[in-house]
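Quick notes on the structure that follows.
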Amino acid sequence: MNNYCQYAKKCNSCQLCNLSYEEQLRHKENICRKYPGKLCRVTRITPSPRITGYRNKAQFVYKREGKRIISGLYKSTTHSVMAADHCAICSDTANMITAALAGLFYSFKVMPYDPYTERGWLKSVVIREAEATGEVMAVINGADKIFPAKRTFTTALQKACPMLTTAVITVNRDKRKLFTGKQSEVLFGSGVITDILCGESFIISPNSFYQINHDQTQQLYQKALELAELSGDEVVLDAYCGIGTIGIIAARRARFVHAVELNPAAIADARRNAKLNGVSNIRFTAADSRDYAKRLAEKDARVDVAFLDPPRAGCTASFLRSLAKLSPDRIVYISCNPETQARDLRVLSRLGYRAELCCPFDMFPHTNHCESVVLLHKKV
C-alpha cells in the first residue's frame, strides 16, 4: 500500500492510492489494452516524472470549524468538505499558500460559502503555477462582488505569500459551482501567468485549460508530434485547440495550422499566445469543430494531418464524419478517456481510417485517469 498521503483513505480524489506505483501503471496500461488496444498495438505506458507534487493547479475549499477557518478538499461524491491542510499531489508552494489564506480569511472575517443556506462569501481558492518560469497565481472565488477590506487584505496577502506573482478575485453566483467564475478583478500583478512548454511560451489566465502535469505533458506532446511526422510542408488541423498549445508547437514544423475551439475566451488566449511566440502560420477560429471541419471540406481545403484532443466525452460522430471528408493522411488522437477514444476509433475505422499505435501516458498518478495518444492512418 502507498502511504504517500495521510488523507488517502478519506479523500476520493486518488482512487488508486492503495496500489504501488508499479501496480498503478500496470492497471492503466491494461485499461488502454482493453479499449484502444482492441484496435491497435499498445506500447508500454510512460510513467510520470513525478508522482507527488506534480499538479500545477490546486483547488481547495474552506469551512468554518469552531472559531477557525480551515482549508479542505471537496468530496464530489458527498458534496462535503474534508478538512486537509495539504494535498500530496499538489506542490509545496500551493499547499503553503492555501494554509496561509486560511489564516487571512479568519483575520478578515471572510466566511466560507454554504450552498445549502447560501450564506457566506468564500467558495474556493485555485492556485496555478507556471513551473518553467516560477510564476504563481491565486484565484479567490466568491459568491458575489462584495469583498470586505479588499485593499488591506491584498497588502496582507502579498506579505504572507511573497511567492505569489498575481492574485485575482472571481465571482461565481451559481450556488452549485464552487470554482472559478467568469467575472474577475485583479488584486495585484497582471492577472495571468506565463509558462514554457516544448520551447513555446503560454499565457495562462484564471479560466484557461492547461495540462496539470507540466513535465509529462511535454513528453506526451513530443510523442504526438513524432507520430504526426511533420516535415514542414503539411497543412494541419488542430481540433479542440484550447489556448493553442499543440497547434502553436506544431506550427513550427508545418506549413499552416487551422485551429478551432468552441470557447471564445480560449481562442482569445490562443491568439495572444501565437503573437507572444511570433507564430503567424496559424489561424484560430471560435467555432464548433464539426461545423468548422465541414466548412473546410466544402471548400475542398487541404488537410494533411489532424490533431484531436477532445474532452472526456470524446468526439461527436458528426465531427468525425466531417473530419473524414477532409481526408487527412494521418490523425493523432490525444485522449484522457480510453473508453470514449476506442468508441471514436471504431467510427473512424468505418470512415476509412486504421488505428496503428496507442501510446499510454500516466498524466495523473494515484488517480484512475490515463492519457493516451493514438496514431491513425488513412486506409489505402
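Past the 22 Å Cα-Cα mark, which pairs from K145/K182; K28/K378; K109/K159; K28/K223; K63/K145; K10/K182? Show your work: numbers first, answer last.
Working: K145/K182 12 Å; K28/K378 28 Å; K109/K159 18 Å; K28/K223 18 Å; K63/K145 20 Å; K10/K182 31 Å.
From K145/K182; K28/K378; K109/K159; K28/K223; K63/K145; K10/K182, over 22 Å: K28/K378; K10/K182.
Just to check I understand the Karplus step: with θ = phi - 60° and J = 6.51 cos²θ - 1.76 cosθ + 1.60, what whole-Hz values come out for region 331-337, glycine and proline as x?
10, 10, 10, 9, 9, 9, 9
Taking the Cα atoms of region 1-92, report the difference between the largest and smallest coordinate on each principal axis, in whole Å and largest first.
Computed over the Cα atoms, the extents are 58, 26, 25 Å.
Multiply the residue separation of R283 and E356 by 0.36 nm, subtract the distance between their alpha-carbon atoms, and state the gained length in nm to one decimal. Please list the in-between numbers first.
On the way: separation 73, 0.36 × 73 = 26.28 nm, distance 2.91 nm.
Once the chain is fully extended between R283 and E356, it gains 23.4 nm.
Using a 10 angstrom cutoff on alpha carbons, build the Gaussian network for the chain and name the most mobile of P36, P365, P264.
In the Gaussian network model the winner is P264.
For region 244-323 and region 24-84, what is the separation of their C-alpha centers, rounded to whole Å?
28
Given H placed 1.01 Å from N in the peptide plane, which residues other than close sequence neighbours of T166 have an amide H under 5 Å from its amide H?
Residues meeting the criterion, in which the H sits 1.01 Å from N, are V136, A138.
Roughly how many nanometres apart are two label points built 7 Å out from the Cα toward the Cβ at S184 and T154?
1.6
Under 5 Å between amide H atoms, partner at least 5 residues away or on a different chain: which partners does E356 have, H built in plane at 1.01 Å?
Under 5 Å from the amide H of E356: L375, L376, H377.
Rounded, prolate or oblate: which fits region 229-300 when a ≥ b ≥ c are the square roots of the eigenvalues of the alpha-carbon gyration tensor, with rounded for a/c under 1.5 and prolate only if a/b beats b/c?
Values: a/c = 2.11, a/b = 1.06, b/c = 1.99.
In terms of gyration-tensor shape, oblate.
Based only on Cα atoms, what Rg/Rh ratio does region 57-197 have, Rh being taken as Kirkwood's radius?
Working: Rg = 14.1 Å, Rh = 15.1 Å.
The Rg/Rh ratio comes out at 0.93.
With each pseudo-label sitting 7 Å past Cα toward Cβ, what's the D329-A83 distance in nm, one decimal?
So the two model labels end up 6.2 nm from each other.
None of the figures in this text is laboratory data; all of them are computed from the coordinates on show. Computed from a predicted model, the values in this text were never measured in an experiment. Reconstructed Cβ throughout: ideal geometry from the backbone, glycine too, with neighbour counts over all protein chains shown.
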